[in-house]
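Down below is the structure, laid out as structure tokens.
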Amino acid sequence: MKILITGAKGMLAQAVKEKFEKKNELILTDVQDLDITNEQAVKDFIARVKPDYIINCAAYTAVDKAEENEELAEKINADGPKNLALAAKENNAILVHISTDYVFPGDLDVEKAYTEEDATGPVTAYGRTKLHGEQAIANNCDKYYIFRTAWLYGEGKNFVRTMLTLSETRDEISVVCDQHGSPTYTEDLTSIIYQAIEKKIPFGIYHSTNQEFTTWSEFTKKIFELSNISTKVNPITSEEYSKQYPTSANRPKNSQLSKNKLLSNGIEIPNWEDALKRYLKKEGRM
Ligand SMILES: NC(=O)c1ccc[n+]([C@@H]2O[C@H](COP(=O)([O-])OP(=O)(O)OC[C@H]3O[C@@H](n4cnc5c(N)ncnc54)[C@H](OP(=O)(O)O)[C@@H]3O)[C@@H](O)[C@H]2O)c1
């Protein structure tokens, strides 16, 4: 299969390349090769290359900066996917796109997890632009997968590495304890995408994180425990955290996504603790 990967220098794209390169012909593009916001360039590129699949790893992912730069975020997260959807339809390619839990307001009871049928209602600029991207795809092509993920870590700068680095200079660290979700290893999200394509599951939107739920503070405790680090984790509320470190965008309290739709299509999804162990081993921390 011929697979076009956009945003190929990004964190998720690294795992996608690794997983798909064995059996497929990959066309890797970063913003210099193919700016997804340029409608004509996308149209011409895809008509020339004629990929079977387009995996869109390009995005504007700076959640706080998006509050001030919503116009640019909208171009990359909404107009870009629209351009890809139009070109995919024109050339009979299947579009694979990544979205986020931020399309939801995050105020659901923490005993529950969001399903694909739940009403969206983003409360951040980033979330609004990502939702517009989903809508642009659904309105402009038929053969698409949208994988909504959350709390992603993998190659490059990410939460796990930040905590490990902080632990080198701190005896104690305060981490938010009232935001609930599933840390998700890029290798496991990629495996979900891979299985979905292999099994030819029905097109549509799928919630795609690692299994089981936790909080940022519990996740951090587990990172330190597995890496044999003695830094103490002090759980604090989002309110306390934002007094100490003001951020522009309010993080959702509930980022829990139900994976029942993927599971009912026979997709295997490891839990977040198992994923973290594999990541720390790969990083040489365990
Ligand atoms: N990271 C998370 O925790 C998280 C959570 C939920 C969902 N997601 C979603 O998962 C996907 C992958 O995220 P990620 O963390 O891998 O993102 P990332 O590391 O920020 O990578 C995004 C890539 O897109 C490129 N890009 C930006 N504008 C572009 C354009 N106009 N044309 C082509 N490429 C462009 C960026 O290049 P430059 O760096 O040069 O700008 C970057 O290489 C995104 O759709 C994101 O919204 C991520």
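The values are calculated or read from the model by the stated rules, or taken from the named source; none is laboratory data. The model shown is predicted, which means the values in this text are computed figures rather than measured ones. Ideal geometry is used to build each Cβ from the backbone, glycine not excepted, and the neighbour counts take in all protein chains shown.
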*Please tell me if Gly121 is away from the ligand (no atom under 15 Å from the Cβ), in a loop (DSSP other than H, G, I, E, B) and either at pLDDT 95 or above or touching a Cys at 6+ places or on another chain (Cβ under 6 Å) (or both).*
yes
*Scan region 141-160 and give yes if some residue there is acidic (Asp, Glu) and outside any loop (DSSP other than H, G, I, E, B), otherwise no.*
no
*Does Asp109 fit the bill of being away from the ligand (no atom under 15 Å from the Cβ) and within 25 Å of Lys2 (Cα to Cα)?*
no
*Would you check if there is a residue in region 166-180 being at pLDDT 95 or above, basic (Lys, Arg) and more than 21 Å from Asp274 (Cα to Cα)?*
yes
_Hits in region 164-179 - residues which are touching a residue at least 40 places away in the same chain (Cβ under 8 Å) and farther than 14 Å from Lys232 by Cβ_ = Leu164, Val176, Asp178, Gln179
*Within the set of pairs 6 or more residues apart or between chains, which connect a residue that is free of Cβ contacts under 8 Å to residues at least 24 places away in the same chain inside region 105-131 to a residue that is more than 16 Å from the ligand (Cβ to nearest atom) with Cβ atoms less than 8 Å apart?*
Asp118/Leu108
*Could you check how many residues of region 132-147 are among the β-branched types (Val, Ile, Thr) and free of Cβ contacts under 8 Å to residues at least 60 places away in the same chain?*
1
*For Thr186: the one exception among (1) among the β-branched types (Val, Ile, Thr); (2) over 12 Å from the mean Cα position of the chain (by Cα); (3) more than 11 Å from Leu276 (Cβ to Cβ)*: (2)
*Only helices (runs of 4 or more DSSP H) wholly contained in region 1-102 count here; list those with 1 or more residues that are more than 13 Å from the ligand (Cβ to nearest atom) and of a type outside the set (Asp, Glu).*
11-20, 39-49, 80-90
_Number of the condition not met by Lys199 [criteria: (1) farther than 18 Å from Gly10 by Cβ; (2) without any contact (Cβ under 8 Å) to a residue 40 or more places away in the chain; (3) not hydrophobic (A, V, I, L, M, F, W, C)]_ = (2)
*Quick one: in region 128-160, which of the residues that are within 15 Å of the ligand (Cβ to nearest atom) and charged (D, E, K, R) is nearest to Lys9 (Cα to Cα)?*
Glu155
*Name every residue in region 27-49 that is over 21 Å from the mean Cα position of the chain (by Cα) and of a type in the set (D, E, K, R), in order of residue number.*
Asp33, Glu39, Lys43, Asp44, Arg48
*Considering only residues that are of a type in the set (Phe, Trp, Tyr) and surrounded by fewer than 18 Cβ atoms within 10 Å (Cβ to Cβ), look in region 151-195 and name the one that is nearest to Leu280 (Cα to Cα).*
Phe159
*How about region 161-191: which of its residues are touching a Pro at 6+ places or on another chain (Cβ under 6 Å) and either in a helix (DSSP H, G or I) or within 15 Å of the ligand (Cβ to nearest atom) (or both)?*
Asp188
_Here is a list: Lys9, Lys22. Which entry is closer than 24 Å to Leu152 by Cβ, surrounded by fewer than 17 Cβ atoms within 10 Å (Cβ to Cβ) and either modelled with pLDDT of 95 or more or touching a Ser or Thr at 6+ places or on another chain (Cβ under 8 Å) (or both)?_
Lys9
*asked:* Given the criterion in contact with an Asp or Glu (Cβ under 8 Å, 6 or more places away or on another chain) and more than 15 Å from Val110 (Cβ to Cβ), identify the matching residue among Lys253, Lys221, Lys261.
replied: Lys261
